[in-house]
Structure formats: structure tokens, C-alpha cells
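Asks: Mind having a look at this structure? Questions to follow.
The values are calculated or read from the model by the stated rules, or taken from the named source; none is laboratory data. The structure presented is a predicted model; accordingly, all values stated were derived computationally and were not measured. A quick note on method: Cβ atoms are made from the backbone with ideal geometry, for glycine too, and the neighbour counts reach across all protein chains shown. Side chains included, ligands, DNA and RNA excluded: accessible areas come from the protein's heavy atoms. Shrake-Rupley method; radii C 1.70, N 1.55, O 1.52, S 1.80 Å.
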Amino acid sequence: MYFSNNIKFLRKHRNRTQDDVAFALNMKRSTLSGYENEVSEPNIEALIAFSKYFGIAIDTLVKVDLTTISESQLLQLERGYDVHLKGSNLRVLATTVNADNNENIELVNERAKAGYATGFADPEYIKVLPTFTMPFLSRDRKYRTFQISGDSMLPIPDGSYVTGEYVLDWTFIRSGQPYIVLTQDDGIVFKIVENKIEHQGKLTLSSLNPLYHPYDLPAADIKEVWKFVHYISAEMPERSENTMREKQLIQTVQDLQKKVEEIQLKLNL
């Protein structure tokens with residue numbers, strides 16, 4: 001159990017004294033001190049009180065060592081993105097930090113994609129991935145970059161590097177938005193997502209390329225979800241051909257210009 005260390009850690013993280021917390025929870029400071037120093041164990045009423053006070057699920061307070069998770073993950077928990085509150089299993093995301101203790105952006109390139117499908121939860125595997133930083137991205141959130149392949153998301157070209165923000169609570173996935181999804185059978189996919197998890201227990205994945213048909217992905221087959229932030233590509237986007245309507249408008253303007261020129265010629269005679 002990590003309860004004692006967690007409540008001490010959370011109290012100090014929020015700059016609260018034992019007196020502050022004891023007063024808020026209507027208990028003696030000596031009782032709180034006993035919990036923090038593992039002299040006594042809390043009953044269910046005390047567990048519920050601490051859970052409400054810190055806004056973190058009892059399962060998380062008891063089963064997860066909060067001192068080992070990243071700052072961005074802790075912020076997500078404190079903002080209410082605790083999947084234990086929704087009955088799911090919490091997996092602490094494996095991540096890396098730089099010399100300044102800021103989180104890196106790990107790069108999963110084409111060669112690393114197969115290994116990532118099995119090693120995504122292994123801190124030792126994550127440590128060997130190339131890393132970089134982007135100073136314009138928030139330090140309070142976790143990002144990872146994946147190299148995509150294929151033409152299903154054209155005009156985003158094959159080989160582009162797509163950066164995503166980690167989504168801890170899948171109920172917050174916004175329908176109609178692009179996400180990178182790590183799946184059980186297909187590995188990493190980059191798709192437009194329709195969120196049906198709450199009522200149907202699945203996501204519907206669609207491509208920007210109309211040649212690819214949408215398909216359903218059961219929640220049980222989802223390993224990770226990353227919200228699309230931006231992409232990087234070495235390819236210059238191709239110039240799109242004019243549509244029929246655009247061609248008609250251009251022809252109309254050209255005809256008008258020609259008529260104006262003819263009128264000017266007559267006026268000058």
C-alpha cells in the first residue's frame with residue numbers, strides 16, 4: 001500500500017501543513033500524523049474523506065506510488081482525469097525526462113513501431129527511444145511523436161511525423177477529431193475518431209482518404225490514445241487541381257474581362 005506516502009506527498013505538493021489538512025478533514029493532527037507515518041491505518045470513512053479532499057480515487061491513493069509519476073500525470077489526476085473514478089485500470093505511462101527534469105517527447109519512428117506495440121508499457125524500452133523537445137508545447141502535458149505510413153490520411157503524406165498529446169481518460173475523446181491509437185492487432189493507427197465508448201464500448205475510426213472505409217475498434221483492443229497536435233513532413237503539399245465549380249468561376253471572370261476590354265476598344269475608336 002502506498003497510502004501513507006501518497007497523502008504526505010500530496011499534502012506537501014499542495015503546500016499544506018498537517019494542521020491545514022486535519023482541520024479540513026475534521027480530524028486530530030495526531031491522527032493524520034499517524035496515517036502519514038504508518039503508525040495507524042485508516043478506516044473506510046477516512047479513505048473516502050482523503051479521496052474527496054484530494055480529488056483522487058481511493059484505488060489510486062492505495063495502489064499507485066504517486067511519487068514516481070510525472071508532473072503532467074499528477075496534474076491530470078488532480079484535474080479529475082483519474083480513470084479509477086470511472087472503474088477502469090490505471091496504467092502509469094512510461095516516460096522520460098531531460099536534464100532539467102522536463103518531460104521529453106519520445107520518437108517512435110517506422111523501425112520502432114513494431115517494438116512499441118509490445119514495449120509501450122516497459123520503461124526500459126521507452127528509455128531507448130530517441131527524444132527531443134518542442135519549447136512551444138505545454139510542459140504540463142505529455143507528448144509523443146509517431147511516424148505514420150500509408151496514404152489513408154492524405155493530404156498528410158506517407159512518412160510524416162505526427163505528434164500527439166496523451167489521453168488518460170478515453171471518455172474525453174472528442175468525436176470528429178484526429179487521434180493516434182495504439183491497437184491490440186493493428187499496432188499504431190492514425191484516424192479520425194468517433195467516440196462511442198460510453199454507450200457502445202467502442203471507437204469508430206475513419207480515414208481522410210475516402211478510399212478507406214470506417215471500421216469499429218472495441219475498447220478492449222485499445223492500448224493507448226494520443227490526441228493529434230501537429231505533424232511534420234519533408235514533402236511539399238501538392239497543388240490541388242481546380243474543381244469544376246472553380247474552373248467555371250475562373251472562366252466567367254475571364255469572359256467578363258474580355259468583354260470589358262472589347263467595350264474599352266469601342267470607346268476608344
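Asks: Roughly what % of Cα-Cα distances in the chain sit above 22 Å, to the whole percent?
Replies: 66
Asks: Run the numbers for residue 161 and residue 118: contour at 0.36 nm per residue of separation, minus the present Cα-Cα distance, in nm.
Replies: Result: 13.4 nm gained on full extension.
Asks: Among 179-189, 142-152, 12-22, what's the highest-first ranking by average C-beta atoms within 10 angstrom per residue?
Replies: Most protected by this proxy first, the peptides run 142-152, 179-189, 12-22.
Asks: Say R0 is 30 Å: what FRET efficiency, to the nearest 0.05, do residue 128 and residue 212 get from their beta-carbon distance?
Replies: Here the calculated transfer efficiency is 0.40.
Asks: Order 128-134, 260-266 from most to least packed using the mean count of other Cβ atoms within 10 Å.
Replies: 128-134, 260-266
Asks: I would also like to ask the following. Could you run the Karplus curve 6.51 cos²θ - 1.76 cosθ + 1.60 with θ = phi - 60° over the range 38-51 and give me ³J(HN,Hα) per residue in whole Hz, x for Gly and Pro?
Replies: Working through the residues one at a time gives 6, 7, 9, 10, x, 8, 5, 5, 5, 4, 5, 5, 5, 4 Hz.
Asks: With charges set only on the Cβ (+1 for Lys and Arg, -1 for Asp and Glu), what does the dipole of the chain come to about its Cα centre, in debye to the nearest 20?
Replies: 620
Asks: A further question on this structure: If you roll a 1.4 Å probe over the heavy atoms of the protein chains, what accessible area per residue do you get for the chain, in Å²?
Replies: With the other protein chains kept in place, the chain gives 61 Å² per residue.
Asks: Another question about this same structure. Can you compute the modelled spin-label distance between residue 12 and residue 230, with each label point 7 Å from Cα toward Cβ, in nm?
Replies: Between residue 12 and residue 230, the label points sit 3.7 nm apart.
Asks: Same structure, new question: How large, in Å, is the range 1-75 by the Kirkwood hydrodynamic radius built from its alpha-carbon pairs?
Replies: 12.4
Asks: Remind me, relative contact order of the chain in percent, using alpha carbon pairs under 8 angstrom and six or more residues apart?
Replies: So the answer I get is 12 percent.
Asks: Follow-up. Run down the aspartates and glutamates and flag those whose C-alpha is under 19 Å from the C-alpha of residue 28, throwing out any fewer than 8 positions away in its chain.
Replies: Result set, ordered by chain and number: 19, 20, 36, 38, 41, 45.
Asks: Once fully extended, how much extra length lies between residue 199 and residue 251, figured as 0.36 nm per residue of separation less the alpha-carbon to alpha-carbon distance?
Replies: So the extension gain works out to 13.6 nm.
Asks: Would you be so kind as to identify which of 4, 181, 212 lies farthest towards the positive end of the dipole of the chain, taking Lys and Arg as +1 and Asp and Glu as -1 on Cβ and the Cα centre as origin?
Replies: So the residue furthest toward the plus end is 4.
Asks: Report the extension gain between residue 44 and residue 185 in nm, rounded to one decimal, defined as 0.36 nm multiplied by the number of residues separating them, less their alpha carbon distance.
Replies: 46.7 nm
Asks: Could you work out the helix-only [θ] at 222 nm for the chain, with each DSSP H run of four or more residues adding -39,500 (n - 2.57) and the total divided by the number of residues, to the nearest 500 deg cm²/dmol?
Replies: About -9500 deg cm²/dmol.
Asks: If you don't mind, there's one more thing I want to ask. Among the listed pairs 142/202; 8/202; 63/191; 113/142; 12/113; 127/202, which are separated by more than 29 Å between their Cα atoms?
Replies: Result: 8/202; 63/191; 12/113; 127/202 exceed 29 Å.
Asks: Hey, another quick one. Would you please put 198-205, 37-44 in order of how densely packed they are, using the mean number of other Cβ atoms within 10 angstrom per residue and starting with the highest?
Replies: 198-205, 37-44
Asks: Taking 2.2 N^0.38 Å as the expected size of a compact globular protein, what ratio does the Cα radius of gyration of the range 156-239 give against it, to two decimals?
Replies: Rounded to two decimals, the normalised Rg is 1.11.
Asks: Of the heavy-atom accessible surface of the chain (probe 1.4 angstrom), what whole percent is carbon and sulfur?
Replies: 51
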